[in-house]
Amino acid sequence: MRKKRRYKKLRWKPAILAFLILLGISSACLLLFGNSNTKSATKQATKSEKIVTKKAPVQKASAKKPPKKASEKPKPVTEKTVFLTFDDGPSPFLSRFTNLLQQEKVPATFFFIGENLNRIQPETAKAILASGSNIGWHSMTHDASLLYRKNSPTFLAEMEQARALGREKLGITSNLIRAPYGSTYLSSALHQETKDKGFTLLDWNIDSNDWRYKTNSARVVETVLHQANALAKQKEPLVILMHERKNTLEALPAIIHALKKNGYSFQAYKENTPFKLNFREH
Ligand SMILES: [Zn+2]
């Protein structure tokens, strides 16, 4: 027994010695580098604190939004409601459109083409929504020969792709869509599938023909106001189809002023807007 114990002691001695040496080395290391490590840790902490403080106002703003959005009741739509809609963007004119709308204090609805989304930054998209305007999707390619072809039309896949891209690239969620050239091109099956996938489709009842009157903004104003007059007699809200074009930009102030003068109030079209305009369901 004794022998055994001694043997054990002898066996552990070098181990304890090695441990003590190691301890000595590590404390020396701590003395030498510990300070700088703490410094860098503090640096990192300050850095992350800085990031947090930097982010704080943004978080505050977005934290304020959701409850507002959740409690946001749909605005009533009357015969004196007008929805301005701008298709085919984002275009190089987008900022001029948004500036003008803010100046006039009117919201609008933009239908973006997926393939154009590289022209817009997430901040711009979010600013559009924050200003009370709305964003929807207008396919990826805008190519009728693909979107509405008899065999495997790409309409639904393109809308889903645009919606996903909007979520990924811009961080916005919207199920609002406008069919290029109008929903009349959709087959009944495709129209039903579109609804099943959770999309809200918006067509129009005023065509500005701004693509036709390429350089003539006066003609665009005239076209819109003439149709607005006709619809006023039918006591219908107005959904005006326009595009992000230069001539449209030039026509817009006159259109807005005339409609304001006639007692119209402007709304962005939302998914919960209690008014539907869909050629397929007319
Ligand atoms: Zn279009």
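The values are calculated or read from the model by the stated rules, or taken from the named source; none is laboratory data. No experiment lies behind these values; they were computed from the predicted model shown. Cβ: placed from backbone, ideal geometry, glycine included. Neighbour counts: every protein chain shown. These area figures cover heavy atoms from the full protein model, side chains too; ligands, DNA and RNA do not enter into them. Shrake-Rupley method; radii C 1.70, N 1.55, O 1.52, S 1.80 Å.
The slack between ASN209 and LYS105, meaning 0.36 nm per residue of separation minus the straight C-alpha distance, is 35.0 nm. Each label point was placed 7 Å from the Cα along the Cα-to-Cβ direction; for ALA127 and GLU222 their separation is 3.6 nm.
One chain, two ends: LYS260 and ASN175. Fully extended at 0.36 nm per residue, the span grows by 27.7 nm beyond their Cα-Cα distance. A simple spin-label model places the labels of LEU146 and ASN229 4.2 nm from each other, with each point 7 Å out along Cα-to-Cβ.
For the peptides 94-101, 178-185, the ranking by mean Cβ contacts within 10 Å, running from highest to lowest, is 178-185, 94-101.
The accessible-area ordering, largest first, of the residues PHE275, PHE83 stands as PHE275, PHE83, per a 1.4 angstrom probe.
With a cut-off of at most 10 other beta carbons within 10 Å, and DSSP calling the residue loop, which trypsin sites (Lys or Arg not before Pro) in region 224-272 qualify? Please list them.
Numbers: sites: LYS233, LYS235, ARG245, LYS246, LYS260, LYS261, LYS270; in loops: LYS235, ARG245, LYS270.
Counting only loop positions with at most 10 other Cβ atoms within 10 Å, the trypsin sites (Lys or Arg not before Pro) in region 224-272 are LYS235.
Surface composition of region 78-281: carbon and sulfur make up 49 percent of the accessible area, probe 1.4 Å.
Excluding ligands, DNA and RNA, the accessible surface per residue across region 229-282 is 48 Å² with a 1.4 Å probe.
Ranked by the mean number of other Cβ atoms within 10 Å of their residues, highest first, the peptides 119-130, 134-145 fall in the order 134-145, 119-130.
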